[in-house]
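Accompanying notes for the structure given below.
The values are calculated or read from the model by the stated rules, or taken from the named source; none is laboratory data. Here the structure is a predicted model, which means the values were calculated and not measured. Every residue, glycine among them, receives a Cβ derived from its backbone with ideal geometry; neighbour counts consider all protein chains shown.
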């Protein structure tokens, strides 16, 4: 018998109507479950799909990377198109390619980028409504940028995480945090080697309060220094968050 063929694929999905990425016994509509179901129909047997990162309920993805093994070789374009024909409108396989047998979507990732979007518009356009979170028209991106300056680097981010395993130190390396204004939108782009569960939404909860003047720009520095959860703001809604890109060594110039 020939060894299985490993494939790497990039997925995009609108997270609004999914119960997150991970397959669950009490929730049929997860991204992993639907992609595995489509692959099972094509391959004629069970297929396990492993992702670069698990997105929570309501979180979107433009560039989620996955890997999976099939018992026989499919032309990548035929595999992509066959899977997409079996998937609903809100999740699609953007590309697929053969990968080395040892490739692992999560362990081999060099860094990931997440984007959070707020809108100061009086009325949010329908095309943006699922992907942005309303914020006060008086919210100041400059205050948010001041608060974000302290984030890049290797820090203990445990105060921003949820349900951490005991063995997890909470240390993560954020490469960069960029705050950008685009018309009525304020965007925060996070690049890091890894993220704790709930970390980006917790960071954005604080950044949003800083932009509105509900918290001082120094609040982020206080949280990192003290780990005091009483200083945390409520987590930002999931709808504003998108996993934009996952980078691997062979992809970089």
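What to note about this one:
- Candidate set from region 15-25 (those that are surrounded by fewer than 21 Cβ atoms within 10 Å (Cβ to Cβ) and assigned to a loop (DSSP other than H, G, I, E, B)); member that is modelled with the lowest pLDDT: 25
- Of the numbered criteria (1) touching a residue at least 60 places away in the same chain (Cβ under 8 Å); (2) in contact with a strand residue (DSSP E or B) (Cβ under 6 Å, 6 or more places away or on another chain); (3) within 28 Å of residue 222 (Cα to Cα), the one residue 143 fails is (2).
- Qualifying residue in region 146-154 (condition: closer than 21 Å to residue 107 by Cα, crowded, with 18+ Cβ neighbours inside 10 Å, in contact with a strand residue (DSSP E or B) (Cβ under 8 Å, 6 or more places away or on another chain) and not assigned by TED's automatic domain parsing to the domain that holds residue 59): no
- Residue that is farthest from residue 132 (Cα to Cα) [pool: residues in region 9-42 that are within 15 Å of the chain's Cα centre (by Cα) and free of Cβ contacts under 8 Å to residues at least 24 places away in the same chain]: 32
- Residue 240 being surrounded by 15 or more Cβ atoms within 10 Å (Cβ to Cβ), in contact with a strand residue (DSSP E or B) (Cβ under 6 Å, 6 or more places away or on another chain) and either under 22 Å from residue 55 (Cα atoms) or in the same structural domain as residue 177 (by TED's automatic domain parsing) (or both): yes
- Residues that are surrounded by fewer than 18 Cβ atoms within 10 Å (Cβ to Cβ) and out of contact with any helix residue (DSSP H, G or I) (no Cβ under 8 Å at 6 or more places or on another chain), drawn from region 112-131: 121, 122, 123, 124, 125, 126, 127, 128, 129
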